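Below is one structure, written out as structure tokens; comments come after it.
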Amino acid sequence: MLVNITVENFKSFDKKEELSMISSSKIQENKSHRIKIKQTNLLKNAVIYGANASGKSNLVKSLEFIKTVIMEGLPLESVDDYCRNKDSN
């Protein structure tokens, strides 16, 4: 189960961005949307939305990349997946 993902220097992500499935304590209604594992409340579902060109597709590509690295190892063509917004990358 995915609990937390952090992406940095990948495709359009220059700075560190995080997607967390840990439930906020602000959720008081719809408790069926959460699942409790040990001491942690996790969300069962998440929705990613934003403006055009805000990085939604690149977040999905980062998940695909992580899966590929875990299942098959680091692909050679991954050297081209860095963020090109800055020369220092």
Would you tally the residues in the stretch 68-79 being exposed (fewer than 12 other Cβ atoms within 10 Å of the Cβ) and modelled with pLDDT under 90? 8
How many of the residues in the stretch 18-60 are among the β-branched types (V, I, T) and more than 13 Å from M1 (Cβ to Cβ)? 4
Restricted to the stretch 1-49 and to residues being within 23 Å of F65 (Cβ to Cβ) and among the charged types (D, E, K, R), the residue nearest to the chain's Cα centre (by Cα) is E18
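The values are calculated or read from the model by the stated rules, or taken from the named source; none is laboratory data. Just so it is clear, the structure is predicted and the values come from calculations on it, not from any experiment. Methodologically, a virtual Cβ is constructed for each residue, glycine included, from the backbone with ideal geometry; neighbour enumeration extends over all protein chains shown.
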